[in-house]
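The values are calculated or read from the model by the stated rules, or taken from the named source; none is laboratory data. Quick caveat: nothing in here was measured; it's all calculated off a predicted structure. Counting neighbours? That spans all protein chains shown, and the Cβs are built from the backbone with ideal geometry, glycine included.
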Amino acid sequence: MDLRVGVIGTGNIGTSHALSLHGEVSGATVVSVYDLDADRADAVAQDIQADVYPSPEALIGSAEVDAVVIASPDDLHAEQALTALSAGKPMLLEKPLAPTVADARRVLDAEVTLGRRLITLGFMRRFDLGYVQLKEQITDGEVGEVLIVHNVHRNASAPYGLLSDRTMYNMAIHEFDISRWLIDEEFTTVQVIKGRPGPQTPPGQFDPMIVMLTSATGTLVDVEAFVNAHYGYEVTCQVVGSLGVLDMSDGAFITRTARNLRGQSIPDLWLGRFAEAYRAELQAWVNATRGLTRPVGASAWDGFAATSMAEAAARSIGTGSRESIELPQRPALYS
Ligand code: ISE
């Protein structure tokens, strides 16, 4: 029997997940949706023949819903995750786990107390072919030991009008997670260098920024976080090893030569660049939730670690100094 899924939040990523579950992913049926904007929820529900629920609590508590996708605004993630944990419902929870480390800790502790992993964090890059190949090639050892990881993350314009400190929790957090995943280590320090604001940067905001991280063994990671890059969306990663270098370009496979011009198209948004990664992430989540595979993707612990890195980075925006990233012992549930 199909997994009956409820989707909370039908903004751009929630709608994309609902349509993908409906049309591209096997083993799941979207039975219900919720959004604060009832018209927006209605529009999606009609497309996929789902019911609209009056509140997230009603949707989570419904006997018709086996599992939930939480794609609401960032500051609602922790509360809705706690509600789903109390109801014993597995969830694909969009990043970040929570808007603060204190809230992230409450969610982590609740899942540990429950003793069952119900949370999968929506760090879709772990399913992107480029990052998967990077990890495979790091593991096969041809470039030796990883010494440096250079990340570039550019948005055409500041998503959701993000303020600079929230950029760390919403945008740069992808690099925090993927760097942990690529090198399989925790990070101990972070410092954010604020650049000269470009003409599109609102007063009082900082953009671009360079984030510098050091891992427990001294691996260096830098992130160019640029949310008003104007020309389009671009994410690249270069891994510098002791014996060689791995370059992951921005995911464009085709170079077109025509009309005296050679080039590649550039997506406007992450939904274009990572469409296949989102689909693969949803399929893997559905399979694991149906008990066909062991849990895959990022856990609540990964979400907690990434939120801790974001909070230390946000602190560094204020102080200008190098800040330490403090993590508790990783609970046995996540080993
Ligand atoms: C957005 O929420 C994402 O997750 C995208 O991957 C990221 O590039 C963007 O900056 C975020 O706002």
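Residues in the stretch 305-334 that are crowded, with 20+ Cβ neighbours inside 10 Å, farther than 19 Å from LEU163 by Cβ and acidic (Asp, Glu): there are none.
Between PHE176, PHE187, the distinction of being away from the ligand (no atom under 16 Å from the Cβ), within 14 Å of ALA310 (Cβ to Cβ) and not assigned by TED's automatic domain parsing to the domain that holds PRO73 belongs to PHE187 only. For the stretch 167-207, taking the residues that are of a type in the set (Phe, Trp, Tyr) and more than 13 Å from PHE226 (Cβ to Cβ), the one that is surrounded by the fewest Cβ atoms within 10 Å (Cβ to Cβ) is identified as TRP181. Number of residues in the stretch 130-173 that are within 16 Å of the ligand (Cβ to nearest atom), over 15 Å from the mean Cα position of the chain (by Cα) and farther than 17 Å from GLU234 by Cα: the value is 6. THR201: more than 11 Å from the ligand (Cβ to nearest atom), of a type in the set (Val, Ile, Thr), out of contact with any Gly (no Cβ under 8 Å at 6 or more places or on another chain) and outside any strand (DSSP E or B), yes or no? So THR201 passes the test.
None of GLY232, GLY251 is within 22 Å of HIS174 (Cβ to Cβ), crowded, with 17+ Cβ neighbours inside 10 Å and within 14 Å of the ligand (Cβ to nearest atom) except GLY251. Of the strands (runs of 3 or more DSSP E) lying entirely inside the stretch 1-95, the ones with 1 or more residues being farther than 24 Å from ALA277 by Cβ, touching a Leu at 6+ places or on another chain (Cβ under 8 Å) and assigned by TED's automatic domain parsing to the domain that holds TRP285 are found at 28-34.
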